[in-house]
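Sharing a structure here in structure tokens format.
The values are calculated or read from the model by the stated rules, or taken from the named source; none is laboratory data. Source: prediction; values computed, not measured. Backbone-built Cβ (ideal geometry, glycine too); neighbour counts: all protein chains shown.
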Amino acid sequence: MQLQGIFTNAKWHDICALDDIVAGTGVAARLNGEQLAVFNTGNGIFALGNLDPFSGANVLARGLLGDIAGVLVVASPVYKQHFCLQTGRCLEDPEISVPAYQVRVCEITNRILIRAYTE
């Protein structure tokens with residue numbers, strides 16, 4: 001029963017306009033006191049936690065986007081680990097991951113919305 005209550009706290013949060021993120025790049029955003037990295041690959045919008053677990057720095061939004069064997073990734077600008085944009089899993093060390101968030105673009109306003117849990 002407790003789990004059901006947790007899931008009902010998930011809400012969609014307005015982050016920015018789609019046009020605010022140039023295709024092929026990412027930006028940092030703040031939500032619920034945490035930094036997020038929001039990416040526009042040109043083929044979709046993705047959001048991960050911005051904190052690089054290997055360096056401890058909030059830098060993933062500045063990473064390079066790419067494709068490794070069909071997996072869309074961001075390469076950390078510090079130590080170059082690759083994180084899957086869909087799952088947050090590190091390709092070099094699958095035991096390590098960053099949070100991955102659900103993302104949608106509102107068709108009416110063209111704004112990026114991210115689903116996250118609130119307290």
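Looking at segment 29-83 only, could you name the residues that are crowded, with 20+ Cβ neighbours inside 10 Å and modelled with pLDDT under 95?
Matches in segment 29-83: none.
Just to verify a result, which residue in segment 27-71, among those that are among the polar types (S, T, N, Q) and over 13 Å from the mean Cα position of the chain (by Cα), is farthest from ASN110 (Cα to Cα)?
First pass over segment 27-71, keeping only residues among the polar types (S, T, N, Q): 32, 35, 40-41, 43, 50, 55, 58.
Next cut, over 13 Å from the mean Cα position of the chain (by Cα) only: 32, 43, 55.
Working: ASN32: 22, ASN43: 15, SER55: 34 Å.
Ranking the candidates gives SER55 first.
Being in contact (Cβ under 8 Å) with a residue 24 or more places away in the chain and either under 18 Å from GLN86 (Cβ atoms) or not in a strand (DSSP E or B) (or both) is the filter here; which residues of segment 52-71 pass it?
Those that are in contact (Cβ under 8 Å) with a residue 24 or more places away in the chain and either under 18 Å from GLN86 (Cβ atoms) or not in a strand (DSSP E or B) (or both): ASP52, PRO53, PHE54, SER55, LEU60, ALA61, ARG62, GLY63, LEU65.
Every residue in segment 53-94 that is of a type in the set (Lys, Arg) and on the phi > 0 side of the Ramachandran plot, please. Break it down stepwise before answering.
Initially, segment 53-94 is screened for residues of a type in the set (Lys, Arg), giving 62, 80, 89.
Scanning segment 53-94 gives a single hit, LYS80.
Looking only at segment 84-119, count how many residues are touching a Cys at 6+ places or on another chain (Cβ under 7 Å) and over 23 Å from HIS13 (Cα atoms).
Residues flagged as touching a Cys at 6+ places or on another chain (Cβ under 7 Å) and over 23 Å from HIS13 (Cα atoms) within segment 84-119 amount to 2.
Quick one: would you say VAL74 is over 21 Å from ARG111 (Cα atoms), of a type in the set (A, V, I, L, M, F, W, C) and in contact (Cβ under 8 Å) with a residue 12 or more places away in the chain?
Yes, satisfied.
Looking at segment 6-28, can you tell me whether even one residue there is within 24 Å of ASP93 (Cα to Cα), in a strand (DSSP E or B) and among the aromatic types (Phe, Trp, Tyr)?
No, because not a single residue in segment 6-28 is within 24 Å of ASP93 (Cα to Cα), in a strand (DSSP E or B) and among the aromatic types (Phe, Trp, Tyr).
Right, another one. Within segment 82-119, track down each residue that is within 13 Å of the chain's Cα centre (by Cα), of a type outside the set (Val, Ile, Thr) and over 23 Å from PRO53 (Cβ atoms).
Listed by number, the residues that qualify are ARG104, LEU113.
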